[in-house]
Amino acid sequence: GEFNKENYAKKYFLLHGKGELDHFIEKELVDFAFQPIVDAKNGSIFAYEALMRPQVSTLTSPEDIIKLAEAQSRLYQIERITWFKAMEAFQRHREAFGDAKIFINSIANHVLSDKDLERFEREFERDLHRLVIEVIENEQADERIIKKKQQIEERCGIHLALDDFGSGYNSEIVLLTLSPAFVKLEMTIIRGIDTD
């Protein structure tokens, strides 16, 4: 192998970027882009997925944020920021989105605290029925946390979704345990399905 300065700098930053992550979390420096999810039967937009866009020049992607937060045991703060800021952004565009649902990513082994959940319910009560919590793959799911997410689903009238089924940790066991309303398949499973 050959030393790659760019890879080294990126890995060093992810392990030592405490100041940048502190700034990101403290100021909640995130915005969201909304990717349409289309109904294949009629071409209408069924929902939008909220895609995190960090507003820090040194943190360029959600993956960087997750890796850095994981290295510093701060994933819960990322979970909280994602839920609140994504819904705030969604509400700013409510008129344009019509009746579409909103898919928000959720870290597999993190769930809002009771206090944060109560605040979330108060602030976004009128749109809870449109919310789909999409469990992302980043580590093997803890069954206790999955049960808590299911309790939130029942309590708030939201739906659960499983992201990237068929990749890594999102296996049949998670599918059966989570029992989601929606399943997003890993692209490699269905690539070429139109011809084979």
(request) Report yes if Ile136 is under 30 Å from Gly166 (Cβ atoms), among the hydrophobic types (A, V, I, L, M, F, W, C), modelled with pLDDT under 90 and open to solvent by less than 80 Å² (accessible area, probe 1.4 Å), otherwise no. (result) yes
(request) With the condition kept exactly as written, say whether any residue in region 153-166 is at pLDDT below 85 and more than 15 Å from the chain's Cα centre (by Cα). (result) yes
(message) Consider region 116-161. How many of its residues are of a type in the set (Lys, Arg) and within 21 Å of Leu185 (Cβ to Cβ)?
(response) 1
(request) Name every residue in region 146-157 that is free of Cβ contacts under 8 Å to residues at least 40 places away in the same chain and open to solvent by less than 10 Å² (accessible area, probe 1.4 Å), in order of residue number. (result) Ile146
(request) May I ask you to list the residues in region 21-61 that are open to solvent by less than 40 Å² (accessible area, probe 1.4 Å) and of a type in the set (Ser, Thr, Tyr)? (result) Tyr48, Ser61
(message) Looking at region 89-110 only, could you name the residues that are in contact with a Lys or Arg (Cβ under 6 Å, 6 or more places away or on another chain) and either open to solvent by 30 Å² or more (accessible area, probe 1.4 Å) or not β-branched (Val, Ile, Thr) (or both)?
(response) Lys101
(request) Those residues that are more than 14 Å from Val111 (Cα to Cα) and in a helix (DSSP H, G or I), I need them from region 45-86; list them, please. (result) Pro62, Glu63, Asp64, Ile65, Ile66, Lys67, Leu68, Ala69, Glu70, Ala71, Lys85, Ala86
(request) Output the number of the condition that Gly192 fails; it satisfies all remaining conditions of (1) without any contact (Cβ under 8 Å) to a residue 12 or more places away in the chain; (2) open to solvent by 50 Å² or more (accessible area, probe 1.4 Å). (result) (2)
(request) Note down all Cβ pairs under 7 Å where the first residue falls in region 38-61 and is modelled with pLDDT of 95 or more and among the acidic types (Asp, Glu), the second is part of a strand (DSSP E or B) and surrounded by fewer than 14 Cβ atoms within 10 Å (Cβ to Cβ), and they're at least six residues apart or on different chains. (result) Glu49/Gln35
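The values are calculated or read from the model by the stated rules, or taken from the named source; none is laboratory data. Model, not experiment: these values are computed from the prediction. Cβ coordinates were reconstructed from backbone atoms using ideal geometry, including for glycine residues, and neighbour counts include every protein chain displayed. Heavy atoms of the whole protein, side chains included, go into the accessibility calculation; ligands, DNA and RNA do not. Shrake-Rupley method; radii C 1.70, N 1.55, O 1.52, S 1.80 Å.
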